[in-house]
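Report on the following structure.
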Amino acid sequence: MNNRTINAPFPVPGNHSFNGKGEVSLTLGLLSGMFLMMAVLCGCQQDTGNDLESLRAEVMAIHDHAMARMGEMHEREVKLRTRADELQAAGQPAVAERKAAAQLQQAQHAMMEWMHQYKQPDMKGDRQQVETYLHAQKEKIINVRELITAALQETATLASPQ
């Protein structure tokens, strides 16, 4: 192919050559570069939505894990309150059992409060607002999860059969 100067009605970036048919052909490098740039730009837009969806899914996964412990907490609370009542009826102190039951009740209440205040965000709304909201919710549900874990760990010994 012979390189010739071509007058095009628009600027043609990069190397170009005259193919003898009156057409300008761009080099393969320029075309592949343009394709790569378009793929990256399109991918970034999809990743933005996927990032938010991943964050929302992470928040809900933390919730689901913590929520799965609610039945265990309730059963343990009932067991501790029953034991406290039995100890008190026998004239023995039951302060530790009542304190442990209250700790479990507090953790259950924290989960219920989180669920009550959580609102599914409009994932098509303002990206920054959605991201900020989800990060705040993630922090809150992590705190609830930690409260639940601590309550279960700290009450395990008292709740075991004696």
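For the range 96-135, what is the Kirkwood estimate of the hydrodynamic radius, computed as the reciprocal of the mean inverse distance between distinct Cα atoms, to one decimal in Å?
On the way: mean 1/r = 0.0809 Å⁻¹.
Its Kirkwood hydrodynamic radius stands at 12.4 Å.
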Practice prompt. Bin width 5 Å, alpha-carbon pairs only: give the P(r) of the range 90-162 as whole percents, running from 0 to the bin holding the largest distance.
Written response: 3, 15, 18, 16, 13, 10, 9, 6, 5, 3, 1, 1, 0
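Counting Lys and Arg as +1 and Asp and Glu as -1, each charge on the Cβ, what is the dipole of the range 49-101 about the Cα centre in debye, to the nearest 20? All intermediate terms of the calculation are to be shown ahead of the outcome.
Numbers: 8 positive and 10 negative charges, 75 e Å.
That gives a dipole near 360 debye.
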Worksheet entry | Straight-distance crosslink candidates among lysines, where the alpha carbon sits under 22 Å from LYS79 and sequence neighbours closer than 8 are dropped | LYS99
Discussion item. For ARG145, what accessible surface area do you get with a 1.4 Å probe? Give it in Å², rounded to 10.
Written reply: 70 Å²
Worksheet, complete the sentence: Beyond 22 Å, the calculated P(r) of the range 50-143 holds a percent of Cα-Cα pairs equal to 45 percent
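The values are calculated or read from the model by the stated rules, or taken from the named source; none is laboratory data. Keep in mind it's a predicted model, so treat the numbers as computed, not measured. Quick reminder, even Gly has a Cβ in these numbers, built from the backbone with ideal geometry, and neighbours come from all protein chains shown. Heavy atoms of the whole protein, side chains included, go into the accessibility calculation; ligands, DNA and RNA do not. Shrake-Rupley method; radii C 1.70, N 1.55, O 1.52, S 1.80 Å.
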